[in-house]
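Let me begin by presenting the structure, written as structure tokens, before commenting on it.
What follows draws every value from the coordinates through simple rules; no lab data is involved. Everything numeric in this text was worked out from a predicted model, so none of it was measured. Every residue, glycine as well, gets a Cβ built from its backbone with ideal geometry; the counts of neighbours run over all protein chains shown.
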Amino acid sequence: MTLSKDDIEMLATGAGQSPAALFAAVHAVAARRVGAGLVTVMRHHATEADVERLWSSNEQAYPSGGRKPKRDTDWSREVLTAHRVLVSAGDDGIRKSFPDHAIILGLGLHSCVNVPLVSEGQCIGTLNVLRTKRDWSEDDVMLVRALALAALSGVLMLGV
């Protein structure tokens, strides 16, 4: 699954407006193409060993500015340290990866793809795409990875 011309136009338009508009375009493409029910963009604070939510498609459940500790967890080692994409498929995968799994499952979301946003060899954040469907095809994950490049651009625009 690749980005379509319409997807690219939507992302380019958002990028030309503001980081928030770009993140909203990432969400719109992810919702339309892979059924995303929640998209968040996080900034990684390495010295504090936490992540801060820069943007959320659901401000009520996951408001911007919220922070989560990520010191010495399997999730942090995989995503923030090793810079690997993490797919948490099904309710057991969500429970294993996220201490706030009750909120996630309560929203009817049953799987997640976390993509590290890497600049100059450092993980500066993550793109997180959650959906109701429990599994992810390789094509779905590749599309989310492509969207992460746009999200990285937005994070860099914020001056991280």
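What the phi angles of the stretch 125-134 give under the Karplus curve with 6.51, -1.76 and 1.60, with θ = phi - 60°, is a coupling list of x, 9, 9, 10, 10, 10, 8, 6, 4, 7 Hz, glycine and proline written as x. Full extension of the segment from THR73 to GLU59, taken as 0.36 nm per residue of separation minus the current Cα-Cα distance, would add 2.5 nm. Around the amide H of ASP50, modelled in the peptide plane, lie the amide H atoms of HIS45, LYS70, all under 5 Å away and 5 or more residues distant in sequence or on another chain. Between ALA12 and GLU48, the simple spin-label model (points 7 angstrom out along Cα→Cβ) gives 3.7 nm.
Label sites at SER4 and LEU156, each approximated as a point 7 angstrom past Cα along Cα to Cβ, lie 2.8 nm apart.
Between the beta carbons of SER119 and MET142, assuming R0 = 25 Å, the FRET efficiency works out to 0.75 to the nearest 0.05.
Based on a Kirkwood Rh over C-alpha pairs, give the Stokes-Einstein translational diffusion coefficient of the stretch 1-114 at 20 °C and viscosity 1.002 mPa s in µm²/s. Mind showing how you got there, number by number?
Numbers: Rh = 15.2 Å.
The calculation lands on 141 µm²/s.
At a Förster distance of 22 Å, what's the computed FRET efficiency of ALA82 paired with LEU105, Cβ-Cβ distance as r, to 0.05?
On the way: r = 26 Å, r/R0 = 1.19.
So the FRET efficiency works out to roughly 0.25.
How high is the relative contact order of the chain, given as a whole-number percent (alpha carbon pairs under 8 Å, six or more residues apart)? Dividing the mean separation by the residue count of the chain yields 26 percent. Going by neighbour counts of Cβ atoms within 10 Å, the residues LYS133, LYS70, LYS5 line up, fewest first, as LYS5, LYS133, LYS70.
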